[in-house]
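Here the structure is laid out as structure tokens; the discussion comes afterwards.
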Amino acid sequence: MKSLVWACSVLAVLAATAACQPGGDQAVPVESAPRFDYQTAKIWLPLDQYAMAPEESNLLNAARIIEMRACVIEAGVDPAWLPPDDRIAEILTSPPYAMPDWRYGVWNAEYVSEYGIEGPSVEEPLSWLPDSPEFAAASKDPKSLYNRAMDDCGGDHATQFVGRGAVGAKFEPWASANIELYFEAAADKRWAAAMKTWEECVEASGYRQNPDADGPQPEIPAGASAEAQAKAWVEAARCSDEVGTARTLANIEAEYQVEFIGEHEAELLEIKQLVRAMAAEAEETVRAAGFTWRAPAQ
């Protein structure tokens with residue numbers, strides 16, 4: 001059974017970066033070198049320049065709540081189950097919800113030692129639903145006002161700022177490429193060589209590669225204490241830092257991404273324009289509702 005690291009490695013990381021960086025409409029020089037943020041344990045790759053800044057995910061979440069609230073009020077349903085104004089304001093000023101990026105196995109031993117593999121606790125911003133028996137009953141009754149309102153306000157309306165219609169269809173090549181290029185890079189001979197170097201390092205420390213994992217991950221015996229598990233993860237990260245595993249694998253994948261960008265630049269620029277328009281629409285929604293939003297520095 002694969003651990004949390006690899007369950008969350010590729011898909012969750014991609015979900016967490018499905019926010020984009022608005023930029024110019026013109027073709028720009030492709031930034032090809034990966035970037036590592038040791039404070040947040042995040043990795044930036046070339047395709048990310050066509051996607052939204054993580055901070056803007058909060059903007060889209062806030063806009064979605066505002067639109068949903070207006071819709072359910074119009075449908076005659078009490079919007080008390082949706083976040084109140086002070087929570088929306090908090091979402092707009094909070095750090096984005098994001099997990100550390102372990103797509104190449106754990107790295108950044110200092111971070112892992114302090115926070116563990118799950119990272120610091122950050123509340124997910126879309127914890128909308130109240131924990132009450134009344135709400136639980138209403139949500140299960142298809143004839144309740146709540147579900148009737150959701151029929152009118154859910155679906156495309158509820159997700160208009162997170163991949164609606166044409167935007168969602170246009171964004172699909174970017175999302176698919178992120179997944180496919182990862183696995184293409186993983187089949188590269190240099191990837192296997194980097195893995196072998198990492199395995200030799202952890203074996204020298206008394207660990208070995210987890211045979212059920214797709215990437216660098218120590219095998220931790222079932223029933224191991226929390227302390228023993230934490231020690232194994234820190235040692236795995238130390239080896240990655242020492243022999244440059246994560247950086248080597250990131251450089252390999254970045255090469256594949258740059259090649260893809262060169263072949264699909266027009267489509268990627270169109271995605272970037274659509275995402276910028278989506279963010280602008282979300283910003284207009286939150287400002288019209290009386291909230292303040294400061295766009296992240298580009």
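The values are calculated or read from the model by the stated rules, or taken from the named source; none is laboratory data. Small disclaimer: the values here were computed from a predicted structure and weren't measured. With ideal geometry, Cβ positions are generated from the backbone for all residues, glycine too; neighbour counts draw on all protein chains shown.
If only residues of the range 198-233 that are loosely packed, with under 14 Cβ neighbours inside 10 Å and among the charged types (D, E, K, R) are counted, the one that is farthest from residue 245 (Cα to Cα) is 227.
Residues that are assigned to a helix (DSSP H, G or I), modelled with pLDDT under 50 and touching an Asp or Glu at 6+ places or on another chain (Cβ under 7 Å): does the range 67-82 have at least one?
Here is the first cut: in the range 67-82, the ones assigned to a helix (DSSP H, G or I) are 67-74, 79-81.
Keeping just the survivors that are modelled with pLDDT under 50 gives none.
No, that holds for no residue.
Kindly evaluate residue 277 against the criterion of being over 18 Å from residue 60 (Cβ atoms) and of a type in the set (Gly, Ala, Ser).
Numbers: over 18 Å from residue 60 (Cβ atoms): no; of a type in the set (Gly, Ala, Ser): yes.
So residue 277 fails the test.
For beta carbons closer than 8 Å, sequence separation of 6+ or different chains, a first residue in the range 39-61 that is in contact (Cβ under 8 Å) with a residue 60 or more places away in the chain and on the phi > 0 side of the Ramachandran plot and a second that is assigned to a loop (DSSP other than H, G, I, E, B) and surrounded by fewer than 22 Cβ atoms within 10 Å (Cβ to Cβ), the qualifying pairs are 41/119.
Quick one: which of 235, 253, 259, 270 is part of a helix (DSSP H, G or I), more than 30 Å from residue 197 (Cβ to Cβ) and of a type outside the set (A, V, I, L, M, F, W, C)?
270
Applying the criterion of at least 2 residues that are under 29 Å from residue 72 (Cβ atoms) and modelled with pLDDT of 60 or more to the helices (runs of 4 or more DSSP H) found wholly in the range 88-183 leaves 133-140, 145-153.
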